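Structure first, commentary second.
The values are calculated or read from the model by the stated rules, or taken from the named source; none is laboratory data. Quantities reported herein were computed from a predicted structural model and do not represent experimental measurements. Don't worry about glycine lacking a Cβ; one is built from the backbone with ideal geometry, like all the others, and counts go over all protein chains shown. Side chains are part of the model used for accessible areas, which takes the heavy atoms of the whole protein and leaves out ligands, DNA and RNA. Shrake-Rupley method; radii C 1.70, N 1.55, O 1.52, S 1.80 Å.
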Amino acid sequence: MATFTSLNMEDDARHAIANGIFTAVTSDIPELVQDYNLPTSNGVGLFRWNFINKNISENLGGRFQLSYAKRGPWKFLLLFERNNGITFSIMTEKNLSKLQKRLPEGTHYLESLIASNTGYDIVEGQLSLEFEQTSRDSDAINKLREELLSEFAGIIKNHILILFDYDDSLVISARAVLLTPELGIAYSEDWSHLLNSPYIIGKTSIVEDMRDDDNEPLVRMKGQKETPSEDLVSISEKPETANI
């Protein structure tokens, strides 16, 4: 058995996904209820997923391939990062816990997505007796996997499940896990510190533009004689003055 040691993924992408979840639950839904002056928030648990999907898609800005897979009336977001061959989906900690205790009679989409996560040691949790005694249809699992991933171009190696936990309108944790086909956790990476840190779309390019501006030569006034470059002193190079 092998050990999954690291998730080869840019920190900015982690931030984009984690903050997309946080903003949907803590800001978007409460603002929607307030804007329409709704006396109740029935169905908010399901409706928040529309904001989660929207926020993550916009934050990533096309860096991942994405599709909206359909299971009955439900559509869920699937992401694919081609460079490392990993697909991603999102789920709550509560729903995963339910699946680990008892799988539905039919094939669940998560079973299909993690079917290729084979050969890894389980580092967290144990298989439940109910799961061990449950016979699963491998043909149906593989067929559904092909359907779910059919829109992606590239070699798919593993699937990572992004989990979050919440209390009412506050997201309290987020992490990325690699599940074995038996729903055991072979790898877990905490993303909680990225939740409420503001995410600015396109911030990388903005920083690069500012860095380029710092490298621009000083502009001479019209008619001013050219001064040798060694005599030019930028603002950042001026000697520090006494504390004011």
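Looking across the stretch 26-60, just one residue is surrounded by 13 or more Cβ atoms within 10 Å (Cβ to Cβ) and not in a helix (DSSP H, G or I), and that is SER41. Contact annotation: residue pairs with Cβ atoms under 7 Å, 6 or more positions apart or on different chains, pairing a residue in the stretch 107-134 that is within 16 Å of LEU96 (Cα to Cα) with a partner that is of a type in the set (Lys, Arg) and at pLDDT 95 or above, are SER112/ARG145; LEU113/ARG145; ALA115/ARG145. Given the criteria in a strand (DSSP E or B) and farther than 28 Å from ASN196 by Cα, does LYS75 qualify? Answer is no for this residue. Whether a residue is closer than 20 Å to SER197 by Cα and among the hydroxyl-bearing types (Ser, Thr, Tyr) was assessed, and SER27 passes this test. Taken over the stretch 140-169, the criterion of being modelled with pLDDT of 95 or more, open to solvent by 10 Å² or more (accessible area, probe 1.4 Å) and not in a helix (DSSP H, G or I) is satisfied by LEU149, SER150, GLU151, PHE152, ALA153, GLY154, ILE155, ILE156, LYS157, ASN158, ASP165, TYR166. Could you grab me the full set of residues in the stretch 176-198 that are open to solvent by 40 Å² or more (accessible area, probe 1.4 Å) and either more than 16 Å from the chain's Cα centre (by Cα) or touching a residue at least 12 places away in the same chain (Cβ under 8 Å) (or both)? The answer is PRO181, GLU182, SER188, ASP190, ASN196, SER197, PRO198. Just to verify a result, which residue in the stretch 1-15, among those that are of a type in the set (A, V, I, L, M, F, W, C) and within 17 Å of VAL177 (Cα to Cα), is farthest from the chain's Cα centre (by Cα)? Among those that are of a type in the set (A, V, I, L, M, F, W, C) and within 17 Å of VAL177 (Cα to Cα), it is ALA2. For the stretch 90-118, the tally of residues that are touching a helix residue (DSSP H, G or I) at 6+ places or on another chain (Cβ under 6 Å) and surrounded by 12 or more Cβ atoms within 10 Å (Cβ to Cβ) stands at 4.
A count restricted to the stretch 1-25 and to residues that are open to solvent by 10 Å² or more (accessible area, probe 1.4 Å) and in a helix (DSSP H, G or I) stands at 7.
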